[in-house]
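Chemist: If you scroll down you'll find the structure; I have some questions about it.
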Amino acid sequence: MHDNLPSMAESTILEEPTTLASDNPEITAMYKAGMHFGYSKTRRHPGMRPYIFGTKSNVEVFDLFRVFPKVQETLDAVRALGMAGKTLLFVGTKASAREAVEAVAKELHMPYVTQRWLGGTLTNFKIITERVQYWQDLKRQKESGELKKYTKHEQTKFSQHITKLEYMFGGLEELKRIPHALVVVDLKEESLAVREARRRDVEVIALSNTDTDPLLATHIIPGNDNAKASISYVLQKIADAYKEGILQKSLTPEPLPETTSQTGEQK
């Protein structure tokens, strides 16, 4: 074992794998974020078996060396989305995911859902966007003082209505078109969103634990989808990859128009 890494035994899960090499800083960071913690063996989906290292007290532990290539594959895909300027919709409604999902989405100026996925967000997109616009219009009227022409009782009703709409649609004001990809924390928790995305041919990028089917995602990162540290680590890597894609695009020179060899005219 390496002295500079805590052993898994000290975490009361599993002794540190002898293959865990400290010269790979990414795997070390994944380990420290707790990405290796899975669920009980009885909850395991068969599709996650290739990514599992072993068990201790019926709790499964991810093999980070097998997870790492999936992380890199996913980040490459996100980088390409960044270069193309595609829209990502971040989805994480369970308590441990909400803060990180909102923070990363705002960092990228992308839409997000952290409270409850509204059925039809993708499959009935036009109606949802109309409701979001209605909420935005009401909020603007309140901020500009236009609602002061109503009685105090009516103004209170408007305020309560705006609060309700904000709970339902908060985060979706940046969603101007069907997103190119969903970034999901926990495929099982967000099963409705995933089903809608698959129906609309929207890519699904997911961090998901041992109890889910990895084939439901276009790009899967098998790992701990319940701990804040693990969720924050993965989402920040996704945000950084997207920004790298934007930067690569800005540094890529525009191709020159092709010309004919004889006349020099554009083709």
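Readers should treat all values here as calculations from the given coordinates under stated rules, not as data from a laboratory. This one's a predicted model, so the numbers in the text were calculated from it and none came from an experiment. Neighbour counts are summed over all protein chains in view; Cβ atoms, including those assigned to glycine, are modelled from backbone coordinates with ideal geometry.
Chemist: Could you give me the ³J(HN,Hα) list for the range 69-77, computed from phi with Karplus coefficients 6.51, -1.76, 1.60 and θ = phi - 60°, whole Hz, x at Gly and Pro?
Modeler: For the range 69-77, the Karplus-derived couplings read x, 5, 4, 5, 4, 5, 5, 4, 5 Hz, x marking Gly and Pro.
Chemist: Could you state the angle between the C-alpha long axis of helix 228-251 and the longest principal axis of the C-alpha atoms of the chain, as a value from 0 to 90 degrees rounded to the nearest 10?
Modeler: Around 70 degrees separate the two axes.
Chemist: Follow-up. Could you tell me the calculated FRET efficiency between T156 and R49, based on Cβ-Cβ distance and R0 = 51 angstrom, to the nearest 0.05? Let's see the in-between values first.
Modeler: Numbers: r = 56 Å, r/R0 = 1.10.
About 0.35, to the nearest 0.05.
Chemist: Only bridges whose two residues both fall in the chain count here: according to DSSP, what percent of them are antiparallel, nearest 5? Each step should come with its number before you reach the end.
Modeler: Values: 7 of 22 bridges.
Taking every DSSP beta bridge within the chain, about 30 percent pair in antiparallel fashion.
Chemist: Comparing D201, D240, D76, which has the greatest mean-square fluctuation in the GNM of the chain with Cα pairs linked when under 10 Å apart?
Modeler: Comparing D201, D240, D76 in a Gaussian network model of the chain, the most mobile one is D201.
Chemist: Sequence-distant or interchain residues sharing an amide H contact under 5 Å with H45, placed H: which?
Modeler: Here D211, T212 satisfy the definition.
Chemist: Arranged by the count of other C-beta atoms within 10 angstrom, fewest first, what order do E173, E143 take? Write out the running numbers ahead of the final one.
Modeler: On the way: E173 15, E143 9.
Ranking E173, E143 by Cβ neighbours within 10 Å, fewest first, gives E143, E173.
Chemist: So which of K70/K94; K188/K237; K106/K243; K32/K188; K56/K228; K32/K228 end up more than 18 Å apart, counting from Cα to Cα?
Modeler: Values: K70/K94 23 Å; K188/K237 22 Å; K106/K243 13 Å; K32/K188 25 Å; K56/K228 22 Å; K32/K228 12 Å.
Pairs exceeding the cut-off: K70/K94; K188/K237; K32/K188; K56/K228.
Chemist: Moving to a separate point now. Please name whichever of P46, M168, A80 sits farthest to the positive end of the charge dipole of the chain, dipole taken about the Cα centre and charges placed at Cβ: Lys and Arg +1, Asp and Glu -1.
Modeler: M168
Chemist: What's the exposure ranking of L215, L235, going from fewest to most Cβ atoms within 10 Å?
Modeler: L215, L235
Chemist: Please rank R177, R131, R66, fewest neighbouring Cβ atoms within 10 Å first, as an exposure proxy. Write down the numbers at each step before the final one.
Modeler: Numbers: R177 8, R131 16, R66 13.
Lowest to highest Cβ neighbour count: R177, R66, R131.
Chemist: Of I27, I205, I221, which is the most mobile in a GNM of the chain whose springs link Cα atoms less than 10 angstrom apart?
Modeler: I27
Chemist: Run the numbers on the range 84-139 and let me know its relative contact order in percent, using alpha-carbon pairs under 8 Å that are six or more apart.
Modeler: Working: 43 pairs, mean separation 17.2, N = 56.
Dividing the mean separation by the residue count of the range 84-139 yields 31 percent.
Chemist: Here is a follow-up. Using helices alone, I'd like the mean residue ellipticity at 222 nm for the chain: each DSSP H run of four-plus residues gives -39500 (n - 2.57), total over residue count, nearest 500. Show your work: numbers first, answer last.
Modeler: On the way: 7 runs with 114 residues, N = 267.
Rounded to the nearest 500, it is -14000 deg cm²/dmol.
Chemist: Moving on to the next point. How large is Rg/Rh for the chain, to two decimals, with Cα atoms and a Kirkwood Rh?
Modeler: Working: Rg = 22.7 Å, Rh = 20.8 Å.
When Rh is taken as the Kirkwood radius, the ratio is 1.09.
Chemist: Using only alpha carbon pairs under 8 Å that are at least six residues apart, calculate the relative contact order of the chain and give it in whole percent. Let's see the in-between values first.
Modeler: Values: 422 pairs, mean separation 67.4, N = 267.
Relative contact order, the chain: 25 percent.
Chemist: Amide H to amide H, which residues 5 or more places from L182 or on other chains are under 5 Å from it, using H placed in the peptide plane?
Modeler: It is L89, E203, V204, I205, by chain and number.
Chemist: If amide hydrogens are placed 1.01 Å from N in the peptide plane, which non-local residues have theirs closer than 5 Å to the one on F62?
Modeler: Those qualifying (amide H under 5 Å, at least 5 residues apart or on another chain) are F37, G38, F53.
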